[in-house]
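Notes to accompany the following structure.
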Amino acid sequence: MVTGEAVLCHWEDQLVCPDQSGTCRRTGLTFCRDHLRAGEWIGVRKLLRVDGIADHGELVRWMKKQATGTLTAAASAWGFTSMSGRFLFLLVDLQTVLGFRRKNAVAVVRMHDDGRPDQIVGSVTVESKKPPFWTEVWPNMSRPLPGD
Ligand SMILES: [Zn+2]
């Protein structure tokens, strides 16, 4: 097709022209170009920079049931919703079984209208020391925590 299909901006929850959008290499989700910096959705930096403001305890329990592998180490999470409230952008605190090692994961969850979580969308990544400084752990769920 010449014009291509409209692409969802996951931040604004609106369809945008393909030539005005891009894919965040970290989350694997599409956004307006305006919301991308160095190939990443700019909200990722905000997630990583700000201290926790909300503990999504029920959501964390749900996430642990959905996932196997690394995400079952989820202990707490905080974040903010997209402009429409349909997507929840989360920084998830992962703890290993012994509780010594802690890692941050970035995850995006699509929400039902009633506020219950629907499904994890895009890629879930955890912080790592080597470029690009994160590792995908979902949907590639078998991978262990980097460094473990
Ligand atoms: Zn947008």
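Nothing in this text is a laboratory measurement; each read-out follows from the coordinates by a stated rule. No experiment lies behind these values; they were computed from the predicted model shown. Quick reminder, even Gly has a Cβ in these numbers, built from the backbone with ideal geometry, and neighbours come from all protein chains shown.
Residues whose amide H falls under 5 Å from that of Arg26, counting only those 5 or more places apart or on a different chain, are Trp41, with hydrogens built in the peptide plane. Close amide H partners of Ala77, meaning residues 5 or more places away or on another chain with modelled amide H under 5 Å apart, are His56, Asp93.
Here Lys129 is the anchor, and the lysines within straight C-alpha reach of less than 21 Å, apart from those fewer than 8 places off in the same chain, are Lys46, Lys103. In plain terms, the chain from Lys129 to Arg110 could stretch by 4.0 nm, reckoned as 0.36 nm per residue minus the Cα-Cα distance.
Residues of segment 61-80 with the amide nitrogen closer than 13 Å to a label point 7 Å from the Cα of Arg102, along Cα-to-Cβ, please. What the label zone holds, given the 13 Å backbone N cut-off, is 75-78. When you count the other C-beta atoms within 10 angstrom of each residue and take the mean per peptide, 14-21, 74-81, 34-41, 113-120 line up highest first as 74-81, 34-41, 14-21, 113-120.
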